[in-house]
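First up is the structure itself, then whatever we jot down about it.
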Amino acid sequence: MKKYIFAKSLVFVFMMSITATYAWGASLTDADVENFISSLKEIQVLGQQYDDLDNLDDEFSPGAEEMKMPENPMSDSLERIRGHEIYGRIQNVVRDHGFTDAEQWANVGDRVFKAYISLDLEGEMPAMRAEMEDALQEIEENPHMSDQQKTQMKQMIENVMSSMEEMTDAPEEDMAVVEGHMDELRQLLEMEM
């Protein structure tokens, strides 16, 4: 069980490296979530047409010591592809789904994703925190690791813990809206992995 919880937290870190400013104060609506989901489905299909997108992900992949979940995963992903041919096609897709532009779409996506993660991990956070604390203690007591290795491993775990805390503090209002879409989001995001 401990390995599952730790592995699940790491999966979210890697998942995050995938695939007009929307004010955080504006209310997230069911229509926003539905439009985001339907547009993301099209964007996933569109992304399969471009083999070189994997190379862009490799350029931005963090090393173990800086492994940290991006606070704004959709905006960060969008920024990575700016200048690529697919960017213009994404603009067209998101406009077809009611967004003014790709930046607004990404900001809504960041909120949806953060609420999704918050809801998904809601009951598991105490156990995950405890597991990571145990892992830190085991690293500290491991006689087979150098001080440098211990420092790197501890930094990685601390970054994961910090990222999980940041990604699980979505506003209650956003979580309430996203909760009704969890099954569809889960299915959609599992396809991405």
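Just a few scattered comments:
- Of all the criteria given as (1) assigned to a helix (DSSP H, G or I); (2) closer than 30 Å to Glu34 by Cα; (3) modelled with pLDDT under 90, the one not satisfied by Leu119 is (3).
- Sole residue being surrounded by fewer than 17 Cβ atoms within 10 Å (Cβ to Cβ) and out of contact with any strand residue (DSSP E or B) (no Cβ under 6 Å at 6 or more places or on another chain), chosen from Asp174, Asp110, Asp147: Asp147
- Restricting attention to the stretch 76-85, the residues that are of a type outside the set (D, E, K, R), part of a helix (DSSP H, G or I) and surrounded by fewer than 18 Cβ atoms within 10 Å (Cβ to Cβ) add up to 0.
The values are calculated or read from the model by the stated rules, or taken from the named source; none is laboratory data. Not measured: the values here are computed from a predicted model. Glycine also receives a Cβ, built like all others from the backbone with ideal geometry; neighbour counts cover every protein chain displayed.
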